[in-house]
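Just so it is clear, none of the values below were taken in a lab; they were calculated from the coordinates. This structure is a prediction, so every number in the text was calculated from the model and none was measured. We place every Cβ from the backbone using ideal geometry, glycine too, and count neighbours over all the protein chains shown.
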Amino acid sequence: MDKKVLQQVLEAALSNGGDFADVFVEYKRGTGIGLEAGRIERVQSGYEAGAGIRVLSGENTSYGYTNDLSKEGLIEAAKLVSHAARGGKKDYNLDLTKLQPTVKFEFKKRPEEIATEQKVEVVKAAERAARSVDDSKIKQVIVGYGDSVQQVVIANSNGDYVEDERVRTRLMVNAVAADGGTIQTGYDAVGSMCGFELFDRFDPEQIARHAAERAVKMLDAKPAPTGKMPCVMAGEAGGTMVHEACGHGLEADLVQRQLSVYAGQKDQQVASELVTVIDDATMPDQYGSYSFDDEGVASRPVELIKDGVLTDFLYDRLTAKKEGRQPNGHGRRQSYQEKPIPRMANTYVAAGKTDPEEIIKDTKEGLLVKKMGGGQVNTTTGDFVFDVAEGYLISDGEIGPMVRGATLTGNGPEVLRIVDLVGSDLGFAIGTCGKDGQGVPVSDAQPTMRIPKIVVGGTGDPVSPNGEIKRLTAQDMPRDYKIRRL
């Protein structure tokens, strides 16, 4: 995109005033392959391009987008956006200067250079591997492959000009096992800010076997007990807990609108001294990484909670402006059709010093969570409900039988305050995070952590590990069940 054209677009956007304007130009292509019932059901590839134009006037945002990338089309869209601007004209810096990234990502096997047949073979091999675990019990295997190449150009009235490229590749496997009238599922997925070299790091057949093995093992799992008990969250469980029960509440827009339990808690103790939470978009090989955010701000690590003390939030330009500070690289958008908002990237609880095996040995009885499922959270209160996709009972410091049907219910800040052991490992999981109708790629992670007491819901006997009868009451459930699905 020619700089002179972008300068003219910005001039048109600011022709009626405004404090700030930017242009986000996106070119994106990708491939999606789906397998179900032993057949390739879907092979899709596509290309889209467009631009979003924004003007900020005080706390108001005017936003428009177009897929007409001609000079005339862009200027016309900019003029339409300009009509919503308020305030007198100001001196802007439209002499655009290209910014250099603080971190660069290398893509060794670009997806567009890999034949579709090779991608299809990865999907078929994963399906065969899943069925090989137990062909009599594995009744269905769903495999999904996706890759995307996104090139963006960003220019703004501060004089910043950014060019960035994001290449992401992912694979997911869902296996369904059945035995008699019992049906269980197993799921696993990998993805990264990389090309087809993802499969040099992760064997797709092994990923598929993990999913299928989980489904088959769940057939013989006993019903999870019900009650309050210690819970060890394994590092391999991924960071669903920190992402949902903590991360969304640290996004500055929710904080400023008083929709976060962390509003007004800056510099306060909000978690155990063992807990440090970081969001770092610069991490290599992680699904949520990027060199620049979608506002042209260079990515950097942001320490949100340090030794249990709340130290920072995730800001985009608008929320940072409201507090008279600089944005910290977390303005993200799904595409050129949406305005940027504060979002997580790669959010994790920093590793501690305790050997993960020692944490289990030190836990007399409780629940070991090895894989998290879906969940819901109310960011205003921090109350959450999560499914456990793979869990085991702990007895006398040893891993016992597998259980199924378990859920974890609690309050994010309260749970983080009582964490008493943090392991030296760190396990990542990937996902697409939804907020305000937009989905963006993210990763989350945590080390093995012990929560001394949390409400476990299940279909088994309502007996806590110490032998006391414990039936759930209303007081055991989240205080506000008007939970917000994310």
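I need the trypsin sites (Lys or Arg not before Pro) found in the range 220-271, filtered to DSSP loop residues with at most 16 other beta carbons within 10 Å of theirs.
Answer by residue number: Arg257, Lys266.
Could you tell me the distance between the Cα centroids of the range 201-226 and the range 53-96, to the nearest Å?
The range 201-226 and the range 53-96 have Cα centres spaced 51 Å from each other.
Do me a favour and compute the ellipsoid semi-axes for the chain from its Cα gyration tensor, root of five times each eigenvalue, largest one first, whole Å.
Computed over the chain, the values are 42, 29, 18 Å.
Given H placed 1.01 Å from N in the peptide plane, which residues other than close sequence neighbours of Asp383 have an amide H under 5 Å from its amide H?
Asn378, Gly412
Could you rank the peptides 175-181, 380-386 by their average count of other C-beta atoms within 10 Å per residue, with the highest value first? Mind showing how you got there, number by number?
Values: 175-181: 16.4, 380-386: 21.7.
So the peptides 175-181, 380-386, ranked by packing, come out 380-386, 175-181.
Take the range 142-218, drop everything but the C-alpha atoms, weight them equally and run the Debye formula without solvent; then report log10 I(q)/I(0) at 0.16, 0.18, 0.22 Å⁻¹ to two decimals.
So the normalised log intensities are -0.67, -0.75, -0.92.
How much of the DSSP bridge set in the chain is antiparallel, in percent, rounded to the nearest 5?
Values: 121 of 133 bridges.
Among the beta bridges of the chain, antiparallel pairing accounts for roughly 90 percent.
Which of Ser15, Gly52, Thr185 sits closest to the plus end of the dipole of the range 3-219, meaning its Cα is farthest towards the positive end, when Lys and Arg get +1 and Asp and Glu get -1 on the C-beta?
Thr185
Give the share of C-alpha pairs in each 5 angstrom bin for the range 276-338, from 0 to the last occupied bin, in whole percents, shortest bins first.
P(r) for the range 276-338, in whole percents per bin: 4, 18, 23, 25, 19, 8, 2, 0.
Between Asp396 and Ile418, how many nm apart are label points set 7 Å from Cα along the C-beta direction?
Label-label distance for Asp396 and Ile418, simple model: 2.6 nm.
Mind listing the Cα extents of the range 324-426 along all three principal axes, in Å, largest one first?
53, 32, 25 Å, listed from the longest principal axis down.
Would you calculate the separation in nanometres between label points at Lys3 and Lys71, each defined as 7 Å from the Cα along the Cα-to-beta-carbon direction?
Once both label points are built, they end up 1.7 nm from each other.
When ranked by the protection proxy of mean other Cβ atoms within 10 Å per residue, highest first, what sequence do the peptides 60-71, 335-346, 203-214 form?
Packing order, densest peptide first, comes out as 335-346, 203-214, 60-71.
Any chance you could run the full-extension gain for Thr61 through Val103? It's 0.36 nm times the residue separation minus the Cα-Cα distance, nm to one decimal. Mind dumping the intermediate values first?
Details: separation 42, 0.36 × 42 = 15.12 nm, distance 2.99 nm.
This chain segment gains 12.1 nm when fully extended.
Residue by residue, what Karplus-based ³J(HN,Hα) values in Hz, rounded to whole numbers, does the range 344-352 have, using 6.51, -1.76 and 1.60 with θ = phi - 60° and x for Gly and Pro?
6, 10, 10, 9, 8, 8, 5, 5, x
Given contacts defined as C-alpha pairs under 8 Å and at least six residues apart, what's the relative contact order of the range 35-148, whole-number percent?
29
How much FRET efficiency would the formula 1/(1 + (r/R0)^6) give for Glu273 and Gln376, where r is the Cβ-Cβ distance and R0 is 45 Å, rounded to 0.05?
E(calc), rounded to 0.05, equals 0.95.
Distance check, please: which entries in Lys90/Lys321; Lys3/Lys108; Lys109/Lys371 exceed 26 angstrom between their Cα atoms?
The pairs that break the limit, which is 26 Å between Cα atoms, are Lys3/Lys108; Lys109/Lys371.
Along the three principal axes, how long is the range 62-137 when you take its alpha carbons, biggest first, rounded to the nearest angstrom?
72, 29, 24
Apply the Debye scattering formula to the range 3-219, with a single equal point scatterer on each alpha-carbon and no solvent, then give log10 I(q)/I(0) at q = 0.08, 0.19 Å⁻¹.
Evaluating at q = 0.08, 0.19 Å⁻¹ gives log10 I(q)/I(0) of -0.45, -1.17.
Provide, as a two-decimal number, the C-alpha radius of gyration of the range 222-476 over 2.2 N^0.38 Å, N being how many residues it has.
That works out to 1.01 for the range 222-476.
Per DSSP helix of 4 or more residues, -39500 (n - 2.57); summed, then divided by the residues of the chain. What does that give at 222 nm, rounded to the nearest 500? Working shown, then result.
Values: 9 runs with 84 residues, N = 486.
That comes out to -5000 deg cm²/dmol.
Full extension from Ala178 to Thr432: what is 0.36 nm times the residue separation minus their Cα-Cα distance, to one decimal in nm?
That pair, Ala178 and Thr432, stretches by 88.6 nm at full extension.
What does the extension gain come out to for Glu357 and Arg42, with contour length at 0.36 nm per residue minus their alpha carbon separation?
Length gained, Glu357 through Arg42: 109.1 nm.
Can you give me the angle between helix 71-82 and the longest principal axis of the chain, using Cα atoms only, in degrees from 0 to 90, rounded to the nearest 10?
The two axes meet at around 80 degrees.
Residue by residue, what Karplus-based ³J(HN,Hα) values in Hz, rounded to whole numbers, does the range 374-388 have, using 6.51, -1.76 and 1.60 with θ = phi - 60° and x for Gly and Pro?
x, x, 9, 8, 9, 5, 5, 10, x, 6, 9, 9, 10, 8, 9
What does the convex hull of the Cα atoms of the range 1-119 come to per residue, in Å³, rounded to a whole number?
Measuring per residue, one finds 173 Å³ for the Cα hull of the range 1-119.
To the nearest 10 degrees, how steeply does helix 3-13 sit against the main Cα axis of the chain, on a 0 to 90 scale?
Result, in degrees: 90.
At Lys322 and Ala263, where each label point lies 7 Å from the Cα along Cα→Cβ, what is the point-to-point distance in nanometres?
With each label placed 7 Å out from Cα toward Cβ, I get 0.9 nm.
At a 10 angstrom cut-off on C-beta neighbours, averaged per residue, how do the peptides 132-141, 304-313 rank from highest to lowest?
Per-residue mean Cβ counts within 10 Å order the peptides as 304-313, 132-141.
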